[in-house]
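The values are calculated or read from the model by the stated rules, or taken from the named source; none is laboratory data. These figures come from a predicted structure and were not determined experimentally. In this analysis, Cβ positions are derived from the backbone assuming ideal geometry, glycine residues included, and neighbour counts consider all displayed protein chains.
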């Protein structure tokens, strides 16, 4: 029997404590599965005194993450502190430089410094595993990195943030406003006190950048991601989506286009019958479109201590088994620099909701402005405040009336120009609501 | 650069030809991903003359699968002939005995001889990869074998046969009979001329036995699987399911119980809101319940040349990368012999549909017989032939009237005894329809 894999863990929050507990509890199975024992030999965290409900006896306490990363007794450095910079970054660099393998759940760090760290891992022979960084226990990194090794991937998209999906689900099911649902999500611990990172789409963007790199063999390029959050979504949009056979989800979408790799995060209308539309509450899901094969969708918990720990342990087991996958599936020198497809060039269908001042003339004006940009309209309906839907020729009202349009595939640029013209015509009040449609 | 991995392929049907084509087409990506080239050096199939639309120039034609398996020029033997016995079995045994790695899509063979072949692979140091055998391109084998290495799995279940799911979907959506849908499925090539292997549940049972072994660390035990097919399902059952908030799916379910590992294949009522209920048409899906974490569901194509080839290529890439996972996740000597949980001990809710001769007295008789077996009834409704539902006290009719019961959790044994008593009472006509309920 090979000597056990000696693991050092930096960060003992919910996930870190659960990893320590699971390695102890599952030690027999882990050693059977990986062909060698796995043993936590050292840990570190901000406070040594804090109660964590986990037995740390016989485990060394390192004085800092960096000290732990440099400890020659540690073979595998597990980083569960989070944060896109130090101390996580320096510690991981030190561990990789000494030939150690690294397991991390840190999406911010991988999204920002993934290429640099992968190069270190490849140079010094260690693994850099980060399954937990995207979709927690959903094995999406492994699937893209290994499970679809011979398949050309054309698109990868998903619900990558449980907070947003929880809010959209509650809004739809209970007809509540974004603000009300956000408050509830905060009360229940599904959203942070400062919710911007989640609801404005940045968390999704980091995860998407990682998935895009794995899917397309490109360098992680978080700054190339177009990002819109969900705070502008109104109950009226969700009702209209339902009437039109769609559901609204915050999606991260990465797709191969003629003008480069398009990476975008925005509220999206998805067909109600699609797998992704069925994903409700805090659950995450990723769909992968491979060349010539029907889509593969992976659904599961995208957060939570036990789910995240499950992915961390699987990554540690791969290290123990001696697997040294290239961190991004291909050697770092073969990863291409992403050619960013500009958002203006995005092509697809659009849902547009406008508040018409005076319906009689407005429908004609809108139709004209769209026609000028060669945008074809699939449907145009107006919705009375009481919730019924009429055709565009219904009687006008004194108060503004919502007009909802669905376009056939067109370009972002054309939509923006048409709506700017409609606004200049002063036939609508407020800002137009625009939600992109993603077909499955 | 390491010398390329030399692959020999036995069987050049749709999948085999697609594998040859993909290895050629993807050679640059494959070599970047696996760190070494992958090259098809030899093939064999029943007919050398047959047109396959794939370029075999420069590839040696072996005179038999066994000759190919013994060819010292071949590192990795890919078996795509199918069949639980020879020539596949002998050829795979020969390849493994000579230390070669083996990739196969052959579920029948793995379900029947998996343990024996895994022992050979482990003894001689080759890999035995069979991702394509279950759920084609859905990476379920890899997920169970590697992605959940540190997670205790309590249940794994899924829709593992596209033919059955296609038939049930059409029956539900169009109100057609089983026989009509089967005929259509045969016409469209979704079902074989002899459909028994699919519709009677045997295909699902083979795949389930493989998943159960991976999930629970037990020896594959196909003979321990309880099997029921879908031919008895009537449109009336699907309508009742809809009214009651369920959908009927042919599931393979493997679950850890107090009396051992329960493995069963049968039509199942699943909650309409569950991920598995949303899976329509020929699509497959597998749900994995890990200890302490919400379910993970993988959805995708369960058959088809390109989807199956995608999994075969991923398996070959793992061989090229030098990964030698234990075929069933743990060393063969650590796999336990499945303690078969007898079906009579199965516990769960039941859907029961009976044709009552004379409604007035029948409801009381049925209720009494169920009470004698301590079965609690969640709901009892009768359905008039015109499709409306009434409570049990509605007026009796001269022709038999369907009575539909949903029970709370009880045992298979109790249900069987209660229904035998009801039949002996002669208050119903025909055989009772019984469909087990699986909660998510």
Worksheet item: Right, residue A:163: more than 14 Å from every other protein chain (Cβ to nearest Cβ), within 21 Å of residue A:307 (Cα to Cα) and in contact (Cβ under 8 Å) with a residue 12 or more places away in the chain or not?
Response: yes
Response to the item:
Residue set A:108, A:49, A:67; condition in a helix (DSSP H, G or I) and more than 27 Å from residue B:148 (Cα to Cα); output residue A:67
Worksheet, complete the sentence: Taking first residues from segment B:50-65 that are in the same structural domain as residue B:21 (by TED's automatic domain parsing) and second residues anywhere that are part of a helix (DSSP H, G or I), the pairs with Cβ under 6 Å that are 6 or more apart or on different chains are B:52/B:17; B:54/B:17; B:54/B:20; B:54/B:21; B:62/B:68; B:65/B:91
Worksheet item: What about residue A:333, is it surrounded by fewer than 20 Cβ atoms within 10 Å (Cβ to Cβ) and either closer than 18 Å to residue B:28 by Cα or without any contact (Cβ under 8 Å) to a residue 40 or more places away in the chain (or both)?
Response: yes
Fill in: Checklist (1) within 14 Å of chain B (Cβ to nearest Cβ); (2) touching a strand residue (DSSP E or B) at 6+ places or on another chain (Cβ under 7 Å) applied to residue A:190, failing item
(2)
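Residues are listed down the side, and each one gets a yes or a no for (1) surrounded by fewer than 17 Cβ atoms within 10 Å (Cβ to Cβ); (2) within 14 Å of chain B (Cβ to nearest Cβ); (3) in contact with a strand residue (DSSP E or B) (Cβ under 6 Å, 6 or more places away or on another chain):
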{"site": "A:5", "(1), (2), (3)": "no, yes, yes"}
{"site": "A:14", "(1), (2), (3)": "yes, yes, no"}
{"site": "A:17", "(1), (2), (3)": "no, yes, no"}
{"site": "A:25", "(1), (2), (3)": "yes, yes, no"}
{"site": "A:28", "(1), (2), (3)": "yes, yes, no"}
{"site": "A:33", "(1), (2), (3)": "no, yes, yes"}
{"site": "A:42", "(1), (2), (3)": "no, no, yes"}
{"site": "A:58", "(1), (2), (3)": "yes, no, no"}
{"site": "A:62", "(1), (2), (3)": "no, no, yes"}
Worksheet entry | Residue ranges of strands (runs of 3 or more DSSP E) in segment B:215-329 with at least 1 members more than 10 Å from chain A (Cβ to nearest Cβ) | B:246-257, B:260-271, B:283-290
Worksheet item: Tally time: how many residues in segment B:414-440 are outside any helix (DSSP H, G or I) and within 33 Å of the chain's Cα centre (by Cα)?
Response: 11
Worksheet item: Is it the case that segment A:332-340 has a residue that's at the interface with chain B (Cβ under 9 Å from one of its Cβ atoms) and at pLDDT below 90?
Response: no
Worksheet item: Out of (1) within 14 Å of chain A (Cβ to nearest Cβ); (2) surrounded by 22 or more Cβ atoms within 10 Å (Cβ to Cβ), what's the single condition that is false for residue B:114?
Response: (1)
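One line per residue, one yes/no per condition, for (1) within 17 Å of the chain's Cα centre (by Cα); (2) closer than 20 Å to residue B:47 by Cβ:
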{"residue": "B:76", "(1), (2)": "no, no"}
{"residue": "B:80", "(1), (2)": "no, yes"}
{"residue": "B:84", "(1), (2)": "yes, no"}
{"residue": "B:118", "(1), (2)": "no, no"}
{"residue": "B:149", "(1), (2)": "no, no"}
Worksheet item: Which condition does residue A:344 not pass, out of (1) surrounded by fewer than 20 Cβ atoms within 10 Å (Cβ to Cβ); (2) at pLDDT 90 or above; (3) within 14 Å of another protein chain (Cβ to nearest Cβ), if it passes all the others?
Response: (3)
Item to complete: Determine which single condition residue B:42 fails, assuming it passes every other condition in (1) assigned to a loop (DSSP other than H, G, I, E, B); (2) modelled with pLDDT of 95 or more.
Response: (1)
Discussion item. Give me the residue from segment A:168-203 that is under 28 Å from residue A:143 (Cα atoms) and in contact with a helix residue (DSSP H, G or I) (Cβ under 7 Å, 6 or more places away or on another chain) and, out of that set, surrounded by the fewest Cβ atoms within 10 Å (Cβ to Cβ).
Written reply: A:197
Discussion item. Given (1) touching a strand residue (DSSP E or B) at 6+ places or on another chain (Cβ under 7 Å); (2) surrounded by 24 or more Cβ atoms within 10 Å (Cβ to Cβ), identify the lone condition not met by residue B:147.
Written reply: (1)
